[in-house]
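The values are calculated or read from the model by the stated rules, or taken from the named source; none is laboratory data. If you're wondering where the values come from, they're calculated on a predicted model, not measured in any experiment. Backbone-built Cβ (ideal geometry, glycine too); neighbour counts: all protein chains shown. These area figures cover heavy atoms from the full protein model, side chains too; ligands, DNA and RNA do not enter into them. Shrake-Rupley method; radii C 1.70, N 1.55, O 1.52, S 1.80 Å.
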Amino acid sequence: PVLVESLLVFSVVLSVHVLVWDRFSWCAVALAVQAFYAQFQWDRLLQLGGAVFQFRGAANSGLLPASMVVPLLGLVMKERCRAAGIVYWERFGIVVASTGMLLALFLSVLAVGITKPVPTNTCILTGIAGSIIIYTMKHSLTVSEVIEVLEVLLIFVYLSMILLYLLPRCFTPGEALLVLGGVSFVLNQLIKRSLNVIEGRGDPIDFFLLVAVVGVVLLGLFFTVLFIFMDSGTWISSMFFHMMTAVLGLGVIMPWLYRLIQRNPLFWLLQFLFQTQTRLYLLVYWTFLAALACGVVFYQNAKRSSESKKHQASTITRKYFHFIVVATYVPGLIYDRQLLYVAAVLCLAVFIFLEYVRYFRIKPFGQTLRQLLSLFLDERDSGPLILTHIYLLLGMSLPVWLFPRSCAPKGTLPGAGALVPYSGVLAVGVGDTIASVFGSTMGEMKWPGTKKTFEGTMTAIFAQIIAVALIVIFDSNVNLNSSYAWILASVSLVSLLEAYTTQIDNLLLPLYLQIMLMA
């Protein structure tokens, strides 16, 4: 399975390389070859228990698929913005690609450094790939861009040491690279834009995303350190938690956002949410779906009898939430993407805050949340945090957040790129859901070395093609320009990756589909 997963990732890398064909795409190929070898060193460390931190079990390291996500995203973003003639965002794409390569290279060097005996071939490949990447960066990046890349690396190193120690068994090395690398990049962007706020670059909704992500991460770090010295389950600690959350929110996060958008954040948010009648209808509809999702949670817990406390929800039951999320995102993508962007940020902040309440057992809802959510745990929730629902939200939202609006003057990209915001809906909402439901109920022919079935994968591909046809019918902004063969190839590659990867598919699949569609 690891070899097939690697082959699929190499197919994506080579596809992007052929379409881009510049010095950075050659760096991406070199990084992929190096990460392929380094991945086996990480897998060996995980099997022998020699890794520095405790990583999530029942999965390989996932270094290769995770290492290529950010560099490839940067490459395709650079090409799209170059074609649109937007120099600022073209340079930003180069910085994104360079940052992703350097973070992946650091994780590979770490694996090689702690492996005993030292793997000679992997060391040579890592040295060659590193030399190529650093040489290219030296001759392609300005001094300020090099400093920015190194700043992200420094934040990533410190953030990794802190969070991987505090949160054992929550990530594989690849997932840690994606999640912590993303948070490091967001934090660095927020600091950079805060210092250069006079330039006036960027949209308020982009600042809203940056401040929300950094705010909830800092909130979690603060309370994690605090509750080392006091019991978090008492009423006094709970009152202190709520009080300090309000203080940090109103005293730090709100003024920070005010500095960036130059207006009252609460007034701006209210004005934004209720600006048009369409937004009001969407908010009412989404409120109904949120209530429906809560109803599913309460109903499934009510069904759990006292004799079956260890009973877990079935795969089909968990996929109910995928259907609800699809019903949430599709109207937003069709009628108001900016509202969907902001609503997804708010939802992410609420999800993470509720996870803090559950994890720290904050009264009065902490213990209740633990009991309600325990029914929906699976083997990927082996650590102290429950992250699968957050990964689902991220998988659906990242294609919306990462869509290069500045490089799409008409609000959409030509050809297959028009489907980029729908990457999460197609890969996770439709493909992964249909594959799981049909594979678990009617699948008989299993892919070699996996639990996934041939019938599930084929049904997922067929369902995504039908979904693309429906999107073309109902969304007038989508014009595929006869790029159907590329869309079919992209959907098929990502569906096969879903069958063979042991990483969090809710997070990985939408990003790879976005890369293919943007390419």
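Just a few scattered comments:
- Qualifying residues in the range 379-412 (those that are over 21 Å from LEU166 (Cα atoms) and of a type in the set (D, E, K, R)) - the one modelled with the lowest pLDDT: LYS410
- Residue count, the range 88-120 (criterion: β-branched (Val, Ile, Thr), surrounded by 18 or more Cβ atoms within 10 Å (Cβ to Cβ) and over 30 Å from ARG405 (Cβ atoms)): 2
- Contacts under 6 angstrom Cβ, first residue in the range 392-420 being in contact (Cβ under 8 Å) with a residue 24 or more places away in the chain and of a type in the set (Val, Ile, Thr), partner open to solvent by less than 30 Å² (accessible area, probe 1.4 Å) and part of a loop (DSSP other than H, G, I, E, B), 6 or more apart: VAL420/PHE403
- Scanning the range 470-513 for residues that are among the hydroxyl-bearing types (Ser, Thr, Tyr) and either farther than 26 Å from GLY332 by Cβ or without any contact (Cβ under 8 Å) to a residue 40 or more places away in the chain (or both) yields SER476, SER482, TYR484, SER492, TYR500, THR501, THR502.
- The set of residues from the range 302-317 being in a helix (DSSP H, G or I) and either modelled with pLDDT of 80 or more or open to solvent by less than 40 Å² (accessible area, probe 1.4 Å) (or both) comprises ALA302, THR317.
- Complete set of residues in the range 480-491 that are open to solvent by 20 Å² or more (accessible area, probe 1.4 Å) and either in contact with a Pro (Cβ under 7 Å, 6 or more places away or on another chain) or assigned to a helix (DSSP H, G or I) (or both): ASN481, TYR484, ALA485, TRP486, LEU488, ALA489
- Residue within the range 67-74 that is more than 24 Å from LEU180 (Cβ to Cβ) and either in a helix (DSSP H, G or I) or in contact with a Cys (Cβ under 7 Å, 6 or more places away or on another chain) (or both) present: no
- Selection of the range 421-447 for residues being without any contact (Cβ under 8 Å) to a residue 24 or more places away in the chain and either under 19 Å from VAL325 (Cβ atoms) or open to solvent by 70 Å² or more (accessible area, probe 1.4 Å) (or both) yields PHE438, MET442, GLU444, MET445, LYS446.
- Tally of residues being open to solvent by 50 Å² or more (accessible area, probe 1.4 Å) and assigned to a helix (DSSP H, G or I) across the range 204-245: 9
- Flag if GLU355 is under 27 Å from TYR165 (Cα atoms), charged (D, E, K, R) and crowded, with 19+ Cβ neighbours inside 10 Å: yes
- Among the residues of the range 9-19, those identified as open to solvent by 20 Å² or more (accessible area, probe 1.4 Å) and touching a residue at least 60 places away in the same chain (Cβ under 8 Å) are SER11, SER15, LEU19.
- Meets criteria (crowded, with 22+ Cβ neighbours inside 10 Å, hydroxyl-bearing (Ser, Thr, Tyr) and farther than 17 Å from ALA51 by Cα) for SER184: yes
- Counted residues, the range 263-282 - those being touching a residue at least 60 places away in the same chain (Cβ under 8 Å) and under 15 Å from ILE205 (Cα atoms): 4
- Selection count where residues are part of a loop (DSSP other than H, G, I, E, B), touching a Pro at 6+ places or on another chain (Cβ under 8 Å) and open to solvent by less than 50 Å² (accessible area, probe 1.4 Å), scope the range 33-59: 2
- GLN275 meets each of the listed conditions (1) part of a loop (DSSP other than H, G, I, E, B); (2) closer than 30 Å to LEU221 by Cβ; (3) open to solvent by 60 Å² or more (accessible area, probe 1.4 Å) apart from (2).
- The listed residue being surrounded by fewer than 19 Cβ atoms within 10 Å (Cβ to Cβ), of a type in the set (A, V, I, L, M, F, W, C) and out of contact with any helix residue (DSSP H, G or I) (no Cβ under 8 Å at 6 or more places or on another chain), out of PHE474, PHE454: PHE454
- Scanning the range 121-149 for residues that are within 13 Å of PHE40 (Cα to Cα), among the polar types (S, T, N, Q) and open to solvent by 20 Å² or more (accessible area, probe 1.4 Å) yields a single hit, ASN121.
- Residue in the range 468-478 that is among the aliphatic types (A, V, I, L, M), over 18 Å from PRO1 (Cα atoms) and not in a helix (DSSP H, G or I) present: yes
- Qualifying residue in the range 449-462 (condition: of a type in the set (Asp, Glu), without any contact (Cβ under 8 Å) to a residue 12 or more places away in the chain and farther than 27 Å from PRO331 by Cβ): no
- The number of residues in the range 278-301 being among the β-branched types (Val, Ile, Thr) and either touching a strand residue (DSSP E or B) at 6+ places or on another chain (Cβ under 7 Å) or open to solvent by less than 70 Å² (accessible area, probe 1.4 Å) (or both) comes to 3.
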